[in-house]
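Okay, so here's the structure we're looking at.
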Amino acid sequence: CVPPAPRLSAASMSVVEHVREMASAGLHSNVRLLSGLLLTMSGNNPELFSPSQKYQLLVYHADSLFHDKEYRNAVSKYTMALQQKKALSKTSKVRPSTGNAASTPQSQCLPSEIEVKYKMAECYTMLKQDKDAIAILDGIPSRQRTPKINMMLANLYKKAGQERSSVTSYKEVLRQCPLALDAILGLLSLSVKGAEVASMTINVIQSIPNLDWLSVWIKAYAFVHTGDNTRAINTICSLEKKSLLRDNVDLLGSLADLYFRAGDNKNSILKFEQAQMLDPYLIKGMDVYGYLLAREGRLEDVENLGCRLFNISDQHAEPWVVSGCHSFYSKRYSRALYLGAKAIQLNSNSVQALLLKGAALRNMGRVQEAIIHFREAIRLAPCRLDCYEGLIECYLASNSIREAMVMANNVYCNTKPLFNLAKSISLLSPMLTILKEEIVLCCDDSLCREQKYEDGIALLRNALANQSDCVLHRILGDFLVAVNEYQEAMDQLLTSQILFLTFLSLDPNDQKSLEGMQKMEKEESPTDATQEEDVDDMEGSGEEGDLEGSDSEAAQWADQEQWFGMQ
């Protein structure tokens, strides 16, 4: 807690100083035994040790309990130590004791009260009592907070949703330590502009050689946290190609995760494999890697990966998630549920663990519980489409069609600036046939108005791959005309007419289909000056058929093999 005092000979040291020496040497089990005995002696004879010595004994005993992971007991002893320190501060001078307590420089080398409070906060976080941890750290005056205290406070505030306080604490960390990269990531994750964050490091970048890459690094992760996967990938690739940062495991891991978010699973697996070869003890990101392997049916590789990770550490969520993926894709859902729960216990912010447990619950028929887990995953990772897909599949499984439609619309509205629409739609394909109304609205109202015909074609092809529908065929025909694909446009419009006649048994004059065919035929050979203009003879007459309000047949979703539905 404080710098070690000048070393004295063993004969001239008090018993409390012997305890301090052992604590400094890391002899925690020895400290625990001796300090426990001395505290009992002090309880039986209050005059045996001075108030400062009692304070030291309580702190050293609490530290040994903390080392043994007995956090509740440690909090109790730290609290007693702070009470003793409070009583000590009220006395003008240290009272002499009868227990070899000569007034020496060592006797005044007391453990820091600030450090004691920090250790208490650590205990509370280990006990998942974040409110108590925040309360104890909030009690430390701002000017006395060290960088590690501000960092812990920032993380706790962020977890509690107190974003403004979190930003303030992260900025204070950077003010004291401008190269605290995790604090930089914390600020970027809270939507602080990359330029503002970079300005807090500009002085140190300019004063230290070979740090010119840092501004690019900040820019890259600013893109990451705004969900701009393409620009993030390009920027990190430019960093990774530089000779000084080539083969950096953290950058490779970030690239792998970005490719995964963008739906490029092939490149994601490749980058994870490169990172793993460079660092065989790598744990971060291996849960996503294991999931991707499981999706490809490489269950033996997943099993081997899980065993290797458990040999590295079983105190991280990743090994449990990887083993859970193996169980899930082996259709052992109860075991997958247990492994996912264990992973969440180790790291409540593990998105992959929440998705694993949610998928297991869904496949076991416990849909409402699954919904809770998918919602939490969305809260933690709002830019990941797979989180939304898991929730939508739960809605569909429980016949909550309206909720599924609303969520699908939110996915489109919230992610279209971030993703290629075709990629978004491919991830959401299981519910496309059920949500025909949403597709029609998207195509007619948004894509057509913005002339994003290629995106509309991709959306409609995905929908029609699962179920034929005359309305969707008709819209696809219109979009194909817009990109000069006349032959396929004719096929789609004719298919629309056939379905209209066969399945709906309504008036055969579908005015919108006929108008689309007329438009296509008029534009088929626009440069042919000698073309006959007899296409007007194709104009149909009759009542207009309003198909956009009609219901399509709901496809029965039965893909029980997928983990959380990515296709």
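Tallying residues that are open to solvent by 30 Å² or more (accessible area, probe 1.4 Å) and either at pLDDT below 90 or more than 19 Å from residue 386 (Cα to Cα) (or both) within the range 246-260 yields 5. For the range 63-82, the candidate set comprises residues that are of a type in the set (Lys, Arg) and part of a helix (DSSP H, G or I); within that set, the residue that is farthest from the chain's Cα centre (by Cα) is 77. Residues in the range 330-343 that are open to solvent by 30 Å² or more (accessible area, probe 1.4 Å) and out of contact with any Asp or Glu (no Cβ under 9 Å at 6 or more places or on another chain) were compared, and the one that is farthest from residue 365 (Cα to Cα) is 342. Kindly indicate whether any position in the range 65-84 is basic (Lys, Arg), surrounded by fewer than 16 Cβ atoms within 10 Å (Cβ to Cβ) and in the same structural domain as residue 120 (by the TED database). There is at least one residue in the range 65-84 that is basic (Lys, Arg), surrounded by fewer than 16 Cβ atoms within 10 Å (Cβ to Cβ) and in the same structural domain as residue 120 (by the TED database). Residues of the range 363-375 include none that is surrounded by 16 or more Cβ atoms within 10 Å (Cβ to Cβ), closer than 24 Å to residue 277 by Cβ and touching a residue at least 60 places away in the same chain (Cβ under 8 Å). Checked across the range 51-71, the condition of being among the small types (Gly, Ala, Ser) and at pLDDT 95 or above holds for at least one residue.
Can you confirm whether residue 285 is within 20 Å of residue 357 (Cα to Cα), open to solvent by less than 30 Å² (accessible area, probe 1.4 Å) and within 14 Å of the chain's Cα centre (by Cα)? When the stated conditions are applied, residue 285 passes them.
Inside the range 316-326, can you point out the residues that are open to solvent by less than 20 Å² (accessible area, probe 1.4 Å), of a type in the set (A, V, I, L, M, F, W, C) and free of Cβ contacts under 8 Å to residues at least 40 places away in the same chain? Passing the criteria: 317, 321, 322. In the range 185-208, the residues that are within 12 Å of residue 166 (Cα to Cα) reach residues that are part of a helix (DSSP H, G or I) and acidic (Asp, Glu) with C-beta atoms within less than 6 angstrom, at least six apart or across chains, in these pairs: 190/163. Inspect the range 271-278 for any residue being under 23 Å from residue 385 (Cα atoms) and of a type in the set (S, T, N, Q) and give the result as yes or no. No.
For the range 471-487, filtering for residues that are more than 14 Å from residue 454 (Cα to Cα) and either of a type in the set (Lys, Arg) or open to solvent by 50 Å² or more (accessible area, probe 1.4 Å) (or both) leaves 2.
Take the conditions crowded, with 22+ Cβ neighbours inside 10 Å and within 18 Å of the chain's Cα centre (by Cα) and apply them to residue 359. Does it pass? Yes, satisfied.
If you go through the range 304-315 and keep only what is open to solvent by 60 Å² or more (accessible area, probe 1.4 Å) and farther than 16 Å from residue 272 by Cβ, you end up with 307, 310, 311, 314, 315. Checking each residue of the range 298-315 against the condition of being without any contact (Cβ under 8 Å) to a residue 24 or more places away in the chain, in a helix (DSSP H, G or I) and in contact with a His (Cβ under 8 Å, 6 or more places away or on another chain) gives at least one match.
The values are calculated or read from the model by the stated rules, or taken from the named source; none is laboratory data. Everything numeric in this text was worked out from a predicted model, so none of it was measured. Positions of Cβ are backbone-derived with ideal geometry, glycine not excepted, and every protein chain shown enters the neighbour counts. Side chains included, ligands, DNA and RNA excluded: accessible areas come from the protein's heavy atoms. Shrake-Rupley method; radii C 1.70, N 1.55, O 1.52, S 1.80 Å.
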